[in-house]
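Comments concern the structure below.
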Amino acid sequence: MQRPKIPFRLAATVVVGNTLSCVALVLLAFTDVVPLNGLGRGFMVIGAAVVAVFAEFELVGLRRSSPRS
């Protein structure tokens, strides 16, 4: 059974979106745009770390599947 082919641009868009989401979470955690207490800041930073890990996994998969490597 053959795996479905995911278009390169679509996969790259997901990686970029997750990277921007990670940056936004960190910015929200350390600016006063949203009033957060210590637990809220910690939750946002942990969320950013999780999103960063997923973005890294997606980037590794994208590089492995890319014919441009």
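Quick note: the coordinates plus some simple rules give every number you see, no bench work behind them. This one's a predicted model, so the numbers in the text were calculated from it and none came from an experiment. For neighbour counting, all protein chains shown are included, and Cβ atoms are generated from backbone atoms with ideal geometry for every residue, glycine included.
Select from the stretch 38-69 the residues that are within 30 Å of K5 (Cβ to Cβ) and among the basic types (K, R) and write down the one among them that is surrounded by the fewest Cβ atoms within 10 Å (Cβ to Cβ). Spell out the reasoning first.
Step one: of the stretch 38-69, the residues within 30 Å of K5 (Cβ to Cβ) are 50-69.
Then keep just the ones that are among the basic types (K, R); that gives 63-64, 68.
On the way: R63: 11, R64: 8, R68: 5.
Once the filter is applied, the top-ranked residue is R68.
Output the number of residues of the stretch 19-43 satisfying the condition of being more than 27 Å from R64 (Cα to Cα) and either in contact (Cβ under 8 Å) with a residue 60 or more places away in the chain or under 13 Å from the mean Cα position of the chain (by Cα) (or both).
Kept after step one, since they are more than 27 Å from R64 (Cα to Cα), are these residues of the stretch 19-43: 24-43.
Subset that is either in contact (Cβ under 8 Å) with a residue 60 or more places away in the chain or under 13 Å from the mean Cα position of the chain (by Cα) (or both): 24-26.
Number of matching residues: 3.
If I filter the stretch 54-67 for residues that are touching a Leu at 6+ places or on another chain (Cβ under 8 Å) and either at positive phi or assigned to a helix (DSSP H, G or I) (or both), do I get at least one hit?
Filtering the stretch 54-67 for residues touching a Leu at 6+ places or on another chain (Cβ under 8 Å) gives none.
No, the conditions are met nowhere in the stretch 54-67.
Can you find a residue in the stretch 5-18 that is part of a loop (DSSP other than H, G, I, E, B) and touching a residue at least 40 places away in the same chain (Cβ under 8 Å)? Step through it out loud before you land on a result.
Step one: list which residues in the stretch 5-18 are part of a loop (DSSP other than H, G, I, E, B), which gives 5-7.
Restricting the remaining residues to those that are touching a residue at least 40 places away in the same chain (Cβ under 8 Å) gives 6.
Yes.
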